[in-house]
Amino acid sequence: MAQGDLNVANQSGAAFRSDLNNQLLALGTLMSGAAEPSTTYAYMRWVDTTNNIIKGRNSTNNGWIPLRRTDGTLISTSLELLDSDGSNYVGFQAPATVSGDVKWTLPSGDGSSGQSLVTDGSTVLSWESRSRIVSGPVRTTTSGTTVDFTSIPSWVKRITVTLAGVSASAASPLVLRLGDTGGIEITNYSGATSLVGPSPTIASYSHTTVSGFSLLGTAPSAGSLDFHGSIILTLLDSSTNTWACQGCLGRTDVIQVSHIAGSKSLSATLDRVQIATFNGTDTFDGGKASIVYEG
């Protein structure tokens, strides 16, 4: 280890040789020493043997930048990765202070689509599937014969459809239908819906009768029967794209509640949900609907 001012002065032969050798040794050992060199230059290197850190002098020659530990480990307050032309970068930065050294171990390969990087609590990171909850759009149900929610991601395992004041203009049952890239499917819905109140069951509908999950268990009277509540769709079997349905909707004008249960297998991965009037001619005349999906 040696340090020097990197300036060989005029002197006698033996002294010149000794001074030159010391300057070369200082260069060869990166000015290593317990204290910083007394003479510094912009961009010079110094091995701080007290802290075992290789440091670089900044461009204005007024401070040191930690570069690496002497064991070769990279050390910096931030990690910056330049783009292809070096004009900009992306990076990570350490907190202002930490109570001790922390080093995370990255996974050996890439994860699957939609997975997140998580820790085991002992600084080992891995790719894991984690639940995500996404609020979809809110649709007004004041016109048209269908209300569609499309572009539902393939990772979704649970969908909640929420209705508030949804009603139709004439006596058409309201239905909830599922679909994939091939479109909305109108066959092979299993289960039933019952509309009940203070008296015994008032009306029931088989889902196969209305080509979808019946929402009301009865046909509404024009503009007088509006419903509020939620229907939950849960992926039962991804290999057959089978979804289970359950829900509960309530009226506001009388004490009546609609109970919904059933299942449906699709031809491909679900990517859309539709609320519709069964006959396709009566229109919606009030309310809102929305979805929330999870995976």
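The values are calculated or read from the model by the stated rules, or taken from the named source; none is laboratory data. None of the values given here were measured: they were computed from a predicted structure. Don't worry about glycine lacking a Cβ; one is built from the backbone with ideal geometry, like all the others, and counts go over all protein chains shown.
General remarks:
- Looking across segment 77-97 at every residue that is surrounded by fewer than 10 Cβ atoms within 10 Å (Cβ to Cβ) and aliphatic (A, V, I, L, M), the one that is nearest to GLY56 (Cα to Cα) is identified as LEU81.
- Per-region count, segment 246-295, residues over 27 Å from VAL134 (Cβ atoms) and out of contact with any Ser or Thr (no Cβ under 6 Å at 6 or more places or on another chain): 8
- In segment 270-289, the residues that are under 14 Å from HIS228 (Cα atoms) and buried (at least 17 other Cβ atoms within 10 Å of the Cβ): ILE275, GLY287, ALA289
- Among the residues of segment 73-99, those that are within 20 Å of ILE54 (Cα to Cα) and not in a strand (DSSP E or B) comprise THR73, ILE75, SER76, THR77, ALA94.
- For the residues ASN279, ASN241, the requirement of being in the same structural domain as ARG177 (by TED's automatic domain parsing) and within 28 Å of the chain's Cα centre (by Cα) singles out ASN241.
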